[in-house]
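Some notes on the structure that comes next.
Nothing in this text is a laboratory measurement; each read-out follows from the coordinates by a stated rule. Just so it is clear, the structure is predicted and the values come from calculations on it, not from any experiment. Backbone-built Cβ (ideal geometry, glycine too); neighbour counts: all protein chains shown.
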Amino acid sequence: MSRFPNPAALTVSTALLAALLCACTPAAPPETPAPAQPIVQDRQIRFPPGHPQLALLGLTAAAPGKTTTVELPARLVWNESKTQRIYPAFAGRVTGIRADVGQVVKAGTVLANLASPDFGSAQADTAKAQGDLRLSQKTLQRQKELLDAGIIARKDFDQAEADASRAQAEAQRAVARTSLYGAAGGSGVDQQLALRSTVAGIVVERNLNPGQEVRPDQSGPGVPALFVVTDPTSLWIQIDARESEVGTLLPGSTFDLVIPSLPGHKFEGKVIIASDFIDPATRTIKIRGVVDNRDRLLKAEMLATARLERQLGAGVLVPASAVLLTGTKHSVFVQTQPGLFEPREVELGYQGPRDVVVSRGLEVGEQVVSNNVLLLARQFRLAQDEANPSDTNSPAASSAGAASSAKAASGDKK
């Protein structure tokens, strides 16, 4: 009996195994044909029906340009016409705190006391000036009596009269200086300086502690005040308006104030001052408004949005996302037929963050592409390059030329 298998039986077994493997292997799915690409004809790009990119191109009808909502960033600050920031007029040491944050004060209320040698020197100058004034007045009285008796010359009396006038002026100056900081003219020298509020309101800041040394040079921009007293029933609104809104936010005009941290609440603001210059760095104009805060819901340094309706001129209104800027020219893509789009150059009469007004190049009711405009513009360039491959200025032609040069150089090296 032979050890080797029968060749005929081996062939049959191999065929059966191959058939079983073919039966177990899943059939490859048929290849899905690629969708037809858009083409450019007569400066228009046409998409075949059902092209997947058509679903990405949102359309908006151009509307009559009557009004648009303008939203501008704003910030709430203290009403500076009702606010006092207290800084030290003399160097000294804090000996007592008389008011704290949240306390209601009246005009003249003492907020803190300082022991100030410098203020003591001012008090001493006042006392000395008052003593000199009394002496000069007595001297003038004696000189007048001597003049009436014919004992002295007229020029001696005139000199005494001039000395008395100078002494009186110096005494008035010294008294006015010390009285400015709350010290009476005849209070003597006690070196006690009282920090007083000159407005009625609420203490909203206190940057002072007992025993702290203060100096007059610790004041100015960027340095916190010792006390801040304000009337919070009204607040200022600082608005950074775009250059295009110069004619909208005029003094006396009103706007809605929306606070993100206070949803459901709306406040009305009023423009009180508009700046006369534009910030060269940000190209914005500073607007100051005021808002009623009698309910005390609003807080200083809150961020807000000033919202107002702007009257537009002639033209049509489209979303700002529909407009493309190429160099200094603006353009939009208009759908003339389903799946057919043409780029059209337009002129803008107003540019806002959300809407723009097209003054020329577009009619009311025309459909413009407002979503994925850059995608459509790129597809238009690609289709245009394929339709004009001989155009050496096109990006596709430039890329093809660069690839051919690189291939030729590679062949030369081989």
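Subtracting the Cα-Cα distance of Thr67 and Asp100 from their residue separation scaled by 0.36 nm leaves 6.9 nm. For Ser179, neighbours were defined as the other residues whose beta-carbon sits under 14 Å from its Cβ, and their charges (Lys and Arg +1, Asp and Glu -1) total +2.
If R0 is 35 Å, the Cβ-Cβ spacing of Gln367 and Val223 corresponds to a FRET efficiency of close to 0.05. Computed from the Cβ-Cβ distance with R0 of 45 Å, the FRET efficiency linking Arg296 to Leu325 stands at 0.45. Here, the stretch 310-374 has an Rg and a Dmax of 11.2, 35 Å when only alpha carbons are counted.
Computed over neighbours whose Cβ is under 9 Å from that of Arg283, the net charge equals -1, Lys and Arg +1, Asp and Glu -1. Using C-alpha pairs below 8 Å separated by at least 6 residues, the relative contact order for the stretch 125-182 is 50 percent.
Amide H contacts for Gly349 (H built 1.01 Å from N in the peptide plane; partners 5 or more residues away or on another chain; cut-off under 5 Å): Val357, Val358, Ser359. FRET efficiency for the Ala281 to Val258 pair, using the beta carbon distance and R₀ = 41 Å, is estimated at 0.95.
If you wrap the stretch 125-182 in the convex hull of its Cα atoms and look at it from every side, the mean projected area works out to 3.7 nm². The local environment of Val228, defined by Cβ-Cβ distances under 12 Å, has a net charge of 0 under the rule Lys, Arg +1 and Asp, Glu -1.
Restricted to Cα atoms, the stretch 236-312 shows a radius of gyration and a Dmax of 12.7, 38 angstrom.
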